[in-house]
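Colleague: Quick one: structure below, then a few questions.
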Amino acid sequence: MPPENLLGKEEGQGFVQLMQQLPQERLALAIGAVAAMERAVKLTVEYTKERKAFGKPLMDFQNTAFTLAERKTEAMIARVFVDWCIERLVAGDLDTVTASMAKYWCSDKQVQTADECLQLFGGYGYMQEYPISRIFIDSRIQKIYGGTNEIMKLLIARSL
Ligand SMILES: Cc1cc2nc3c(=O)[nH]c(=O)nc-3n(C[C@H](O)[C@H](O)[C@H](O)COP(=O)(O)OP(=O)(O)OC[C@H]3O[C@@H](n4cnc5c(N)ncnc54)[C@H](O)[C@@H]3O)c2cc1C
């Protein structure tokens, strides 16, 4: 391979370079998780205000309102944490442990949010014509790629 095609400054440093970029990759997954959570909550609020069961909108049932209040709160917490991580990344000091926390926690919350929001769509939530179904399907891989969430917890635990 011609030397001008070398990626980075020094030959043989590919693995080191890859490792250095992992916090950024993990943060990118966390950002995607936050966006998916926010969209799931928005779609579900719209749907539950419109869909009626037993003569009233689903949103008027306390279980629906409380579920969505919890999911919206967690989406907000995730956004604030992720925004803070972005600031650290831009400043050049996003460390592996913090990025692992963002990846693991936000993707866990993404899966929970997608699952609980889908539940509020009832049977329609299982149909791929409804975007919440796609949000649910796409959420599951987030706990696996980019380093599984178990590995994220190992990395966090090592720093304790
Ligand atoms: C759609 C998709 C896209 C992907 N994209 C990329 C990509 O772009 N680049 C890339 O490099 N890789 C990519 N991957 C690979 C992905 O990162 C791996 O699948 C992931 O890291 C898990 O590795 P594994 O599949 O070998 O599972 P395994 O390592 O076999 O893990 C299986 C299970 O055992 C657990 N486990 C393993 N080791 C431990 C341990 N020490 N302690 C506790 N539990 C443990 C895991 O958490 C998991 O639950 C992608 C995978 C998928 C499915």
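The values are calculated or read from the model by the stated rules, or taken from the named source; none is laboratory data. What you are looking at is a predicted structure, and each value in this text was computed from that prediction instead of being measured. In this analysis, Cβ positions are derived from the backbone assuming ideal geometry, glycine residues included, and neighbour counts consider all displayed protein chains.
Colleague: If LYS56 meets every condition in (1) surrounded by fewer than 16 Cβ atoms within 10 Å (Cβ to Cβ); (2) within 27 Å of ALA157 (Cα to Cα) apart from one, which number is that one?
Modeller: (2)
Colleague: Can you pull out every residue in region 31-49 that is in contact with a Cys (Cβ under 6 Å, 6 or more places away or on another chain) and without any contact (Cβ under 8 Å) to a residue 24 or more places away in the chain?
Modeller: Those that are in contact with a Cys (Cβ under 6 Å, 6 or more places away or on another chain) and without any contact (Cβ under 8 Å) to a residue 24 or more places away in the chain: none in region 31-49.
Colleague: Which of the following residues is without any contact (Cβ under 8 Å) to a residue 60 or more places away in the chain, crowded, with 18+ Cβ neighbours inside 10 Å and of a type in the set (Val, Ile, Thr): THR98, THR64, THR113?
Modeller: Every option except THR64 fails the conditions.
Colleague: Only one of LEU94, LEU155, LEU160 is within 16 Å of the ligand (Cβ to nearest atom) and assigned to a loop (DSSP other than H, G, I, E, B). Can you tell me which?
Modeller: LEU160
Colleague: Next question, about the same structure. Just checking, which of GLN110, GLN142 is in contact with a helix residue (DSSP H, G or I) (Cβ under 6 Å, 6 or more places away or on another chain), polar (S, T, N, Q), farther than 19 Å from GLN21 by Cβ and within 16 Å of the ligand (Cβ to nearest atom)?
Modeller: On inspection, the qualifying residue turns out to be GLN110.
Colleague: Follow-up. In the set GLU4, GLU46, GLU70, GLU25, which member is modelled with pLDDT of 95 or more, part of a helix (DSSP H, G or I) and exposed (fewer than 12 other Cβ atoms within 10 Å of the Cβ)?
Modeller: One residue alone meets the criteria, GLU46.
Colleague: Look through ILE137, ILE132 and report the one residue that is more than 16 Å from LEU27 (Cβ to Cβ), of a type in the set (A, V, I, L, M, F, W, C), in a helix (DSSP H, G or I) and within 12 Å of the ligand (Cβ to nearest atom).
Modeller: So the residue among ILE137, ILE132 that is more than 16 Å from LEU27 (Cβ to Cβ), of a type in the set (A, V, I, L, M, F, W, C), in a helix (DSSP H, G or I) and within 12 Å of the ligand (Cβ to nearest atom) is ILE137.
Colleague: Is there a residue in region 91-104 that is among the polar types (S, T, N, Q), modelled with pLDDT of 95 or more and over 23 Å from LEU22 (Cα atoms)?
Modeller: no
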